[in-house]
Amino acid sequence: MALDSAIGVISRWSSAYDNKSYIFSGKRDEIDQYLQAVDEVQCSIASGTAYDQIRAKSAIQTAMLTLADEMRNLLKINAKSTDNPDSGTYSSTMTDSGSNSYVDDYVYDSALSVAVIDDLRSIAKRMNGAGYLRDCKEAYISNRKRCIDATFQRLNIQKLSSNDARTMEWNMLESIIKVWMKSAKICFRKIFVYEKQLCEKIFGDLDDDCFLEISSDYAFQFLETATNLSCIRTASERLFGILELYKTFSDLLPEMNKLFNTQSSESFRTKADQIVPKLAGAARMTVEKFENDLRIAHLSHVSVDKIHSLCRYVMEYVFKVDQNKQTLMKLSLSKPPLTPGVEMNFTIVEPQLQNKLPFHLMWIIMCLVSKLEGEAKLYKNASDVNFYLMNNFFYIVKKINGMPEVKEMIGDDCFEKVSSKFDQAKAEYLRLAFANVLSILEDNTSLRKSLKSFNVEFKELKNKLEQLRIPDFQLLKDIRVSMEEMLVPSYSSFLQQLSTSPCSTVDVKFSVDELKTAILGFFPST
């Protein structure tokens, strides 16, 4: 193409802009013709006559303005989310089940087709050749930033100041943590990765910092939020949210450093590397806070047949510790506090000595046992004391049995200690509950008097036990079976003696079958 023809093509399209016509929205042959014209003008600048060079320089300035507009238009019409921040397939209510399926399923509406990328690369190449790379980048960067802005809005990513982190209610902070974890995975594993690849495809070796200029503000916002979350007020209920954040950040850190791997992004890598130990420190402090809260806890007095709320809370905590054990083992926990009344003289299997988590679990469980024993002393009689302990200790034993890895970590000595306390409480309760009726049945001095005394005593026992509840159905069945085994043989023998004596059996209120039925009515489940 001759220079005159090239200048004519450039001038014609410059005039066409008055009618809002875009080259790259038209036919392929028109696009190719314009790019060829730009190439010809650039060649004339380098090797043409002085007169041709003057004309070519004027034309190239016009062409660069046109190409910058073309780039902006191409990016605008092909990046849907810049115009509609509510588009896309992400929902902030999506649950994090431990997999990254929501990352894989996330559709980035600002992704560009291969044809558009080729056109953008053609524009960048010509603008760089004419010394207008900065103008090209400015057009590109401003648009891609708008794309990420729209993504952040759709993902509901908000800034969090250090003051807000210290004063905000936990339910709000917990929501922010969940959004942070999901959004960070999407951004660092999909959005930022795509934007870096896009920069490389369009600009190649022309510029190393384009991706950084587009993404650094957004990436640093993630770091700033994580830093501020590491400084939240320490409270027991916050441990597992902090642990999830710590684990997510630790998992993402290598990917962050790989994305931001240039010398220009060293400050990002430095800041990111500092956050992991901060989050670990926050988690350690929260473990210590929970244990201190448990150590000084004063249990509220509850009905004798209730599982204490502290017992439920602590065992739920142990369950969550089990779920997060791999993360907790990385925290370099110190040993739990030495507390009077909390027995800790247990054998630990050798592999568990390498970390302190088993010691913490043992301490938590035995501290709870000690608290329950202290609370039980407030009941009026020994039977109630043991009934209360039996139910609560069984709850602990059953929960531990349902967590095999916790059971392994605390070791046989600790588990058997809690189990034996349950067995003792159960045996003592059964002994005390039937002490009076059994002593009456064993008294052979006067069968008639013993029968009347039994009827009175058993009716009182029946009335009392029909008012109590055993929360666990398995334990309920075991207790009824034990009661039947304790009482029925003695009562059968007593009735046998009564039937062979001169005493009348008119006063017999319960047959053996009726006694069994009465026992089945103890501790009604409804």
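Positive end of the dipole of the chain (Cβ unit charges, origin at the Cα centre): among 78, 282, 14, the Cα lying farthest that way belongs to 282. Every helix of 4 or more DSSP H residues in the chain counts as -39500 (n - 2.57), and over all residues that averages to -23500 deg cm²/dmol at 222 nm. The share of alpha-carbon pairs in the chain lying farther apart than 44 Å comes to 48%. Measuring nothing but how far apart in sequence close Cα pairs (under 8 Å, 6+ apart) lie, relative to its length, the chain scores a relative contact order of 9 percent.
Extension gain, residue 439 to residue 319, is 38.8 nm, computed as 0.36 nm per intervening residue step minus the present C-alpha separation. Remark: the range 187-279 carries a charge dipole of roughly 520 debye about the Cα centre, counting +1 on each Lys and Arg Cβ and -1 on each Asp and Glu Cβ.
If you roll a 1.4 angstrom probe over the protein chains with everything in place, what fraction of the accessible area of the range 202-333 belongs to carbon and sulfur, to the nearest %?
Solvent-exposed carbon and sulfur of the range 202-333 make up 49 percent of the total.
The residues of the range 429-503 expose on average 53 square angstrom of accessible surface per residue, using a 1.4 Å probe on protein heavy atoms.
Only aspartates and glutamates eight or more places from residue 289 in sequence, or on another chain, were considered; those with a Cα closer than 13 Å are 237. Full extension of the chain segment joining residue 164 with residue 49 gains 34.7 nm, where the gain is 0.36 nm per residue of separation less the Cα-Cα distance. Only one residue of 156, 206, 120 has its Cα farthest out toward the positive end of the dipole of the range 118-218, where Lys and Arg carry +1 and Asp and Glu -1 on Cβ, and that residue is 156.
Working note: Cα gyration tensor of the range 127-218, eigenvalues times five, square-rooted, sorted largest first, giving semi-axes of 34, 13, 10 Å. Packing, taken as the mean count of other beta carbons within 10 Å per residue, orders the peptides 122-135, 441-454, 383-396 from highest to lowest as 383-396, 122-135, 441-454. Residue by residue, the range 202-215 carries 3J(HN,Hα) couplings of 7, 9, x, 8, 5, 7, 9, 9, 4, 4, 4, 5, 6, 9 Hz when phi is fed to the Karplus relation 6.51 cos²θ - 1.76 cosθ + 1.60 (θ = phi - 60°); x denotes Gly or Pro.
Each Lys and Arg Cβ is given +1 and each Asp and Glu Cβ -1; about its Cα centre, the chain then shows a dipole of about 1160 debye. Towards the positive end of the charge dipole of the chain, with charges on Cβ (+1 Lys, Arg; -1 Asp, Glu), say which of 235, 136, 468 has the farthest Cα. Comparing the listed Cα positions along the dipole, 468 ranks first.
Taking the empirical scaling 2.2 N^0.38 Å for compact globular proteins as reference, the range 178-256 has a Cα radius of gyration ratio of 1.31.
The number of Lys pairs in the range 440-526 with C-alpha atoms less than 16 Å apart, excluding pairs fewer than 8 positions apart on the same chain, is 9. For the range 261-305, the average shadow cast by the Cα convex hull is 5.3 nm², which is a quarter of the hull's surface.
For the range 120-196, the per residue solvent-accessible surface stands at 42 Å², with DNA, RNA and ligands left out and a 1.4 Å probe. Each peptide among 173-181, 29-37, 297-305 gets the average number of other Cβ atoms lying within 10 Å of its residues, and from highest to lowest they stand as 173-181, 29-37, 297-305. With a simple spin-label model that places each label point 7 Å from the Cα along the Cα-to-Cβ direction, the separation between residue 200 and residue 474 comes to 5.5 nm.
Cross-link pairs exceeding 21 Å in C-alpha to C-alpha distance, out of 271/356; 125/201; 320/407; 190/320; 380/426, comprise 271/356; 190/320. Taking a straight Cα-Cα cut-off under 17 Å and skipping sequence neighbours fewer than 8 places away in the same chain, the aspartates and glutamates within cross-link reach of residue 335 are 288, 291, 293, 343, 350.
The values are calculated or read from the model by the stated rules, or taken from the named source; none is laboratory data. Given the structure is predicted, the values throughout are model-derived calculations rather than measurements. All Cβ positions, even for glycine, are placed from backbone atoms using ideal geometry, and neighbour counts span all protein chains on display. Side chains included, ligands, DNA and RNA excluded: accessible areas come from the protein's heavy atoms. Shrake-Rupley method; radii C 1.70, N 1.55, O 1.52, S 1.80 Å.
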